[in-house]
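Asker: Following this message is one structure expressed as structure tokens.
The values are calculated or read from the model by the stated rules, or taken from the named source; none is laboratory data. What you see is a predicted model; the values in this text were computed from it and never measured. Quick reminder, even Gly has a Cβ in these numbers, built from the backbone with ideal geometry, and neighbours come from all protein chains shown. Ligands, DNA and RNA are excluded from the accessible area calculation, which covers all protein heavy atoms including side chains. Shrake-Rupley method; radii C 1.70, N 1.55, O 1.52, S 1.80 Å.
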Amino acid sequence: MSFPAPLFQSAIQSLPLLSRGKVRDIYAVGGDKLLIVTSDRLSAFDVILPDPIPHKGRVLTALADFWFKKLAHILPNQLTGILPESVVAPEEAEQVAGRAVVVKRLCPLPIEAVVRGYLIGSGWKDYCQTGAVCGVPLPPGLKLAARLPEALFTPATKAEGGAHDENISFSEAETLCAKSVADGARLCNEAREAALALYREAAQYALTRGILIADTKFEFGVDAGGQLHLIDEALTPDSSRFWSVDTYREGVNPPSFDKQFVRDYLETLAWDKKAPGPRLPTEIIAKTSAKYREACERLTGQALA
């Protein structure tokens, strides 16, 4: 089976380019919609690496689309149902096929809505220092990667210009939302409840597919009528930490399906974690691509077509 060549950066000329993020290129479609093209770029330690990961953009798009549809009964989302190929020039269709979506243009909340189900990453570091995660006290004696008594909503800032996201308290999140959008405090509370509901249902389903969702990040946006929507991406290897049920155990950092594999390799190098990033060996690229595809195929139950 043959696949399109990796896409490091889109080059759509028929639509105005609004921005390029670490992974996604965003174009305007009229005044009320966006075309989001998910590239095969990979960032680590907030640096875009020079080597794309084959199929990564297609995996992220397919998996996010799967979750948006599966969880739509909990909260409306950004999808419009418009084919990306229909909004670009014919000669640009190959750039968007299987890796782009046309979405509603919404006003984003200024926070990352992080939900943690297991004690790992910055949550583990916080717990070791304070006995709490983002100010939420936890029982003493928990081990690395332990399942939390209940899922925690731990918001973070949206970092700009390559800076790191920072964990914040819920009251700080409310303040940020109140300054950014009308009725922001209410929307922040709705986002918390929605994030927890989305995580719980997704985690329960993923368990039936042999995957634990250790933590995940959601983003939310608001339409002109004040209705909260799920936006950006949802429950992908880029926005979540996926572990295999078969290899999980407390006390160790379980192998994951996300870019942690690349981070672990980069930690072995004498690199200062500043741009430009180092080139990746062929075997690291291949294994990372395989991990992304496996996560998608296990969760959706379908081979990447």
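Asker: Using alpha carbons only, what's the Rg to Rh ratio of the chain with Rh from Kirkwood?
Answerer: Here the Rg-to-Rh quotient is 0.95.
Asker: For the chain, with the dipole built from +1 on Lys and Arg beta-carbon atoms and -1 on Asp and Glu ones, taken about the Cα centre, which of LEU71, LEU17, VAL87 lies farthest toward the positive end?
Answerer: LEU71
Asker: Placing +1 at every Lys and Arg Cβ and -1 at every Asp and Glu Cβ, with all other atoms neutral, what dipole size does the range 38-89 have around its Cα centre, in debye to the nearest 20?
Answerer: 200
Asker: Ratio of alpha-carbon Rg to the 2.2 N^0.38 Å globular estimate for the range 187-300, to two decimals, please.
Answerer: In units of the globular-protein estimate, the range 187-300 measures up at 1.27.
Asker: Based on the Cβ-Cβ distance of GLU91 and ARG147, what FRET efficiency does E = 1/(1 + (r/R0)^6) give at R0 = 41 Å, to the nearest 0.05?
Answerer: 0.20
Asker: Short version: what are the Cα gyration tensor semi-axes of the range 61-211, square root of 5 times each eigenvalue, largest first, in whole Å?
Answerer: 32, 20, 15
Asker: Still on this structure, I have one more. For the chain, which cysteines have no second Cys with its Cβ under 4.7 Å from theirs?
Answerer: Cysteines lacking a close Cβ partner in the chain: CYS107, CYS128, CYS134, CYS296.
Asker: Taking the full set of protein chains and a 1.4 angstrom probe, give the accessible area of LYS287 in square angstrom, rounded to the nearest 10.
Answerer: Result for LYS287: roughly 110 Å² accessible.
Asker: Mind putting a number on the dipole of the chain about its Cα centre? Charges go on the C-beta only, +1 for Lys and Arg and -1 for Asp and Glu, and I need it in Debye to the nearest 20.
Answerer: Around 440 debye, computed over the chain.
Asker: Moving to a separate point now. From the protein chains alone at 1.4 Å, what is the descending order of accessible area for CYS107, CYS134, largest first?
Answerer: The ranking, largest first, comes out as CYS107, CYS134.
Asker: Sticking with this one: At 1.4 Å probe size, with every protein chain present, just tell me what the per residue accessible area of the chain comes to in Å².
Answerer: Dividing the accessible area of the chain by its residue count gives 46 Å².
Asker: Here's something else I'd like to know. In vacuo Debye scattering of the range 129-201, one point per C-alpha: log10 I(q)/I(0) at q = 0.14, 0.16 Å⁻¹?
Answerer: Debye curve over Cα of the range 129-201, log10 I(q)/I(0) at q = 0.14, 0.16 Å⁻¹: -0.56, -0.71.
Asker: For the chain, which whole percent of the accessible surface, found with a 1.4 angstrom probe, sits on carbon and sulfur atoms?
Answerer: Reported share for carbon and sulfur atoms: 53 percent.
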